[in-house]
Amino acid sequence: METIQIQTESKEYPVFVGEGCRNELPVFLTNHFPDLTRILIITDETVAKLHLDTLLQVLKPWEPIIFTAPPGEKAKTFEVYYDALTTALASRLDRKSVVLSFGGGAVGDLTGFVAASFMRGIPFIQVPTTILAHDSAVGGKVAINHPLGKNMIGAFYQPEAVFYDLELLNTLPIHEIRSGFAEVIKHALIADPHFYDWLRLNIHNLNAITKEQLSGSLVQGIKIKNKFVSQDEKETGIRAFLNLGHTLGHAIEAEMGYGNFTHGEAVMIGTIFALKLSNNLLGLSFNISEFIDWVTELGYETTVPKQLSFESLIAKMRQDKKSVGDAIRFVLLEQVGHPLLQEVSEEVLWQELTRF
C-alpha cells in the first residue's frame, strides 16, 4: 500500500492506494473519530450490487446506514441530493457522524456536497471504485449538475481520507476504464512530459494493462493533482490547468445528456481539440497525429458527435466555470508540461470546430 499526503490550505489528508486497503478503514475510523455516532454510506445501484457486502463486512461494528443513488451522472441531480439529505436527517446523523462515499466520481461529488451542506459540514471519506475517481476523489471539488451546466452547484470541501482499493477496479467495464484513463493522460500532458512518453510507449491496450502499470499510473496522476491542488485549493489560478479538455468535454457531456457519454471519453475529444487550438494559436510543437493514432488504438472517439450543433456547444462553453463574461477560456499547452489559460473568440471557435 502506498500513502500520498494531500496538502491544501484548509486540510491535510492521506490517500491510501493499494489492493485491499479498505480493510484499514476500521483502524482509521477508531483513531480519528473516537466518538463516532453513525456512518452513512452513499453508493449507487451498480456498485451496491457488486461490492457493498464486501464493505459492510469491514464496517460491521458500526451498522452503517445506506443510501443508494442511481448510477452515473443521474446521481448528481437536485432530487437525489435532497433524498440523500432526507436520509441523513431521518437517520439522525449529527456532527460526530461520518459520510462515506462508495462509488465513482459522480457518487463522490454527490456525497461530498451532502457532507459539506448537512449541518453546515460534517466529515466524509472517499472510497473510490473507478479509475476516473483517482482524479475526482482528490482535491475537494464536490458538486451536482444543473441542466444548464455540469458541476455548477457545489463547494470546495476536502475529505478526511481517500481509501483507493485497487481490488474494486476489477469489475470495471472497458468504457469506464477508458473514461478514467483519459484523466491519467491529461495529468501527464499538463505536468510531466516523461510520464506522457512512458504512457504512449507502454500502454497500448486498456484491456491488458497490468496491475503494476495501473497502480503506477494512478499514483503518478494523484501526485500531479496534488501539485496543483496544494498551491491553489479553490481554483483561483493554476488549479484551472487540471481542466485541460474539459471546456469542450463538459459541453459534449451536457448536449449528449449526462450519462449517455462518459466523462473521460468526452474529455479526450476536448483534449484533442485543445491540442489543435494550442498548435494553431500558440505554435505548440507536438505530434497531434501520433497522439490521435495512439488514443484511437486505446479505443477513444476523437471527433465531436455529428448530431451536436456548434451553436449549442458554444452556448454550453460560455457557461464553463473558467469563462468570465462572454470570453470563453481554454486550457492550452505551450508545450507538454506547460499549460496556460487562453481566451478564445467565438469566431475562432467556429473556425476550429469546423476544421475539427
TODO: Please find, within segment 173-214, the residue that is surrounded by the most Cβ atoms within 10 Å (Cβ to Cβ) out of those that are over 17 Å from the mean Cα position of the chain (by Cα) and among the polar types (S, T, N, Q).
DONE: Gln213
Open item on the list: If a residue must be assigned to a helix (DSSP H, G or I), polar (S, T, N, Q), at pLDDT below 95 and under 17 Å from Glu343 (Cβ atoms), how many such residues does segment 269-319 contain?
Closed with: 1
Task: Residue among Glu79, Glu73 that alone is modelled with pLDDT under 95, assigned to a helix (DSSP H, G or I) and not assigned by TED's automatic domain parsing to the domain that holds Ile222 - done: Glu73
Task: Pair list, Cβ < 7 Å and 6+ apart or interchain, from segment 332-353 residues that are on the phi < 0 side of the Ramachandran plot to residues that are assigned to a strand (DSSP E or B) and of a type in the set (Phe, Trp, Tyr) - done: Gln342/Phe330; Val344/Phe330
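A quick yes/no check of all residues on (1) crowded, with 21+ Cβ neighbours inside 10 Å; (2) more than 24 Å from Gly139 (Cβ to Cβ):
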{"position": "Ser217", "(1), (2)": "yes, no"}
{"position": "Lys223", "(1), (2)": "no, no"}
{"position": "Gln231", "(1), (2)": "no, no"}
{"position": "Thr236", "(1), (2)": "no, no"}
{"position": "Thr247", "(1), (2)": "yes, no"}
{"position": "Phe261", "(1), (2)": "yes, no"}
{"position": "Ile288", "(1), (2)": "no, yes"}
Open item on the list: Can you report the number of residues in segment 90-122 which are surrounded by fewer than 18 Cβ atoms within 10 Å (Cβ to Cβ), in contact (Cβ under 8 Å) with a residue 24 or more places away in the chain and more than 23 Å from the chain's Cα centre (by Cα)?
Closed with: 6
Open item on the list: Under 7 Å between Cβ atoms, which residue pairs at least 6 apart in sequence (or on different chains) link something in segment 294-305 that is assigned by TED's automatic domain parsing to the domain that holds Ile272 with a partner that is basic (Lys, Arg)?
Closed with: Trp294/Arg200; Leu298/Arg178; Gly299/Arg178; Tyr300/Arg178
- [ ] Looking for whichever is under 20 Å from Lys11 (Cβ atoms), out of contact with any Cys (no Cβ under 7 Å at 6 or more places or on another chain) and in a helix (DSSP H, G or I) here; the options are Ile177, Ile222. Which one fits?
- [x] Ile222
- [ ] Identify, by number, the condition in (1) outside any helix (DSSP H, G or I); (2) touching a helix residue (DSSP H, G or I) at 6+ places or on another chain (Cβ under 8 Å); (3) not β-branched (Val, Ile, Thr) that Ser117 doesn't meet.
- [x] (1)
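Check Asp94, Asp109 and return the single one that is of a type in the set (D, E, K, R) and over 20 Å from Ile222 (Cα atoms). Walk me through it before giving the result.
Working: Asp109 fails: over 20 Å from Ile222 (Cα atoms).
Only one candidate passes the filter, namely Asp94.
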TODO: Could you grab me the full set of residues in segment 273-290 that are free of Cβ contacts under 8 Å to residues at least 40 places away in the same chain and of a type in the set (A, V, I, L, M, F, W, C)?
DONE: Ile288
Open item on the list: Which pairs turn up if I take residues in segment 214-225 that are not assigned by TED's automatic domain parsing to the domain that holds Ala188 and look for partners that are among the basic types (Lys, Arg) with beta carbon separation below 7 Å, at least 6 apart in sequence or on another chain?
Closed with: none
Task: Those residues of segment 51-77 which are more than 30 Å from Ile177 (Cβ to Cβ) and surrounded by fewer than 18 Cβ atoms within 10 Å (Cβ to Cβ), in sequence order - done: Lys60, Pro61, Glu63
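Here is a yes/no grid of residues against (1) touching a Pro at 6+ places or on another chain (Cβ under 6 Å); (2) under 20 Å from Leu218 (Cα atoms); (3) of a type in the set (A, V, I, L, M); (4) not in a loop (DSSP other than H, G, I, E, B):
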residue: Thr3; (1), (2), (3), (4): yes, yes, no, yes
residue: Pro26; (1), (2), (3), (4): no, no, no, yes
residue: Asp35; (1), (2), (3), (4): no, no, no, no
residue: Ile42; (1), (2), (3), (4): no, no, yes, yes
residue: Asp53; (1), (2), (3), (4): no, no, no, yes
- [ ] Go through segment 108-133 and count every residue that is in contact with a Lys or Arg (Cβ under 8 Å, 6 or more places away or on another chain) and under 19 Å from Thr171 (Cα atoms).
- [x] 1
- [ ] May I ask you to say which residue of Ser91, Ser101, Ser117, Ser97 is closer than 28 Å to Leu206 by Cβ and either in contact with a Gly (Cβ under 6 Å, 6 or more places away or on another chain) or modelled with pLDDT of 95 or more (or both)?
- [x] Ser101
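The values are calculated or read from the model by the stated rules, or taken from the named source; none is laboratory data. Remember, it's a predicted structure, so these values are computed and weren't measured experimentally. Methodologically, a virtual Cβ is constructed for each residue, glycine included, from the backbone with ideal geometry; neighbour enumeration extends over all protein chains shown.
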